[in-house]
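A short write-up of the structure that comes next.
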Amino acid sequence: MNKIGLKPGTRLYRASASALKIAIRAAEAAGFPRFPYAVRIESTNLCNARCINCTRDIMTRSTGVMEMGLFKKIVDECAENDVGVIHLHNFGEPFLDRRVFDKIRYIRDRGIKTRLFTNLSIFSREAAAELVETGLSRIKISIDGADRETFEAIRRGLKYDKVVENIETLLDEKKRRGSKLPKVGLVFVETHENRGQTRDFKQKWKGRVDSIHIMKYHNWGGSHHADRGTDMRAMPCLRIWRTFTILYNGEAALCCMDYDGRVKLGDVTKNTIREIFKGELLKKIKSWHLSGRFDRIPICGRCEARR
């Protein structure tokens, strides 16, 4: 099944894929989208966890933190082009960036919504207070287990009790300050290790957080479980029309699944986001998606996130 609940290969699925392609081509003919709706800024790709389903152990690119000048350049262009939201994360733990609060404030002051995805293991009462003060729009917290044993078996290097304490601290700080922001969502990725815990997880957190997301594990663009073969689903991936991913060093990757920056669209230290987003390479990749030639792109052919 895909995100809209259609089984690949069925008549309805094929009709939906065809309708989507027609809509995309019509939008492109009218000059849309002129700029990505969402921009993902990798403030850092450093991480303090060794999760068993992650690709960090096979990532080859360097690690680091995006310097403030480059960050402001990106945000300024986003503000000038009315970007809907900035995701201040990609392939790393954002709270390892010592200037993450300053970056959130800068985005806020430019009038853009901000989202953060974190394991929330590096946190404190003081950090919770500062985070609420920044005006962050939404925070999603990965917590792939309903108990200590399962969580720590999956998210190696992290402590379940500490993460739970940090979530409760953040919720308490929001309440103490009478703030609706940030919206707090929990993300539970179903794997072989935690299968069967979904119900307990929901019961534990229902009514305490703003949202609970139960997600299926994907294969990171075919890097994991590559033996499953080429993905035959005909749906083009809307990520490449709606979003733009910038790695900590300024390189623009194809999408958030491209953890190693294998498909480099350009470099925002040399060109603008608009120039890269409207560039020939991305145009070519979009045309391959619309014609079903997903195998022409290194990470798209076997990508299970293209649902």
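The values are calculated or read from the model by the stated rules, or taken from the named source; none is laboratory data. Here the structure is a predicted model, which means the values were calculated and not measured. Cβ atoms come from the backbone with ideal geometry, glycine included; neighbour counts cover every protein chain shown. The accessibility values were calculated without ligands, DNA or RNA, using every heavy atom of the protein model including side chains. Shrake-Rupley method; radii C 1.70, N 1.55, O 1.52, S 1.80 Å.
For the stretch 259-291, a residue qualifies if it is more than 23 Å from Ser62 (Cα to Cα), open to solvent by 40 Å² or more (accessible area, probe 1.4 Å) and not hydroxyl-bearing (Ser, Thr, Tyr), and the qualifying residues are Arg274, Glu275, Lys278, Glu280, Leu281, Lys283, Lys284. Could you give me the residue pairs with C-beta distances under 7 Å whose first residue belongs to the stretch 152-164 and is over 20 Å from Arg208 (Cβ atoms), whose second residue is surrounded by 15 or more Cβ atoms within 10 Å (Cβ to Cβ) and among the β-branched types (Val, Ile, Thr) wherever it lies, and which are 6+ apart or on separate chains? Close Cβ pairs satisfying both conditions: Ile154/Thr191.
Looking only at the stretch 72-85, decide whether some residue is small (Gly, Ala, Ser), assigned to a loop (DSSP other than H, G, I, E, B) and more than 22 Å from the chain's Cα centre (by Cα). No, the conditions are met nowhere in the stretch 72-85. Being assigned to a loop (DSSP other than H, G, I, E, B), out of contact with any Asp or Glu (no Cβ under 9 Å at 6 or more places or on another chain) and farther than 20 Å from Asp267 by Cα is true of Arg98. Strands (runs of 3 or more DSSP E) fully within the stretch 238-280 that include at least 2 residues being in contact with a strand residue (DSSP E or B) (Cβ under 9 Å, 6 or more places away or on another chain) and farther than 20 Å from Cys303 by Cβ: 264-267. Within the stretch 120-139, is there a residue that is under 18 Å from the mean Cα position of the chain (by Cα), open to solvent by 20 Å² or more (accessible area, probe 1.4 Å), modelled with pLDDT of 95 or more and within 19 Å of Ala38 (Cβ to Cβ)? Checking the stretch 120-139: at least one residue is under 18 Å from the mean Cα position of the chain (by Cα), open to solvent by 20 Å² or more (accessible area, probe 1.4 Å), modelled with pLDDT of 95 or more and within 19 Å of Ala38 (Cβ to Cβ).
Condition check ((1) open to solvent by less than 60 Å² (accessible area, probe 1.4 Å); (2) of a type in the set (S, T, N, Q); (3) at pLDDT below 90) across all residues:
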site	(1), (2), (3)
Gly178	no, no, no
Glu193	no, no, no
Lys216	no, no, yes
His224	yes, no, yes
Phe244	yes, no, no
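Residues that are at pLDDT 90 or above and closer than 27 Å to Glu190 by Cα were ranked within the stretch 1-42; the one that is surrounded by the fewest Cβ atoms within 10 Å (Cβ to Cβ) is Ala38. For Lys283, the criteria (1) touching a helix residue (DSSP H, G or I) at 6+ places or on another chain (Cβ under 8 Å); (2) within 22 Å of Phe32 (Cβ to Cβ); (3) free of Cβ contacts under 8 Å to residues at least 40 places away in the same chain hold in every case but one, which is (1).
Exactly one residue out of Gly196, Gly111 is within 20 Å of Ser43 (Cβ to Cβ) and among the small types (Gly, Ala, Ser), and it is Gly111.
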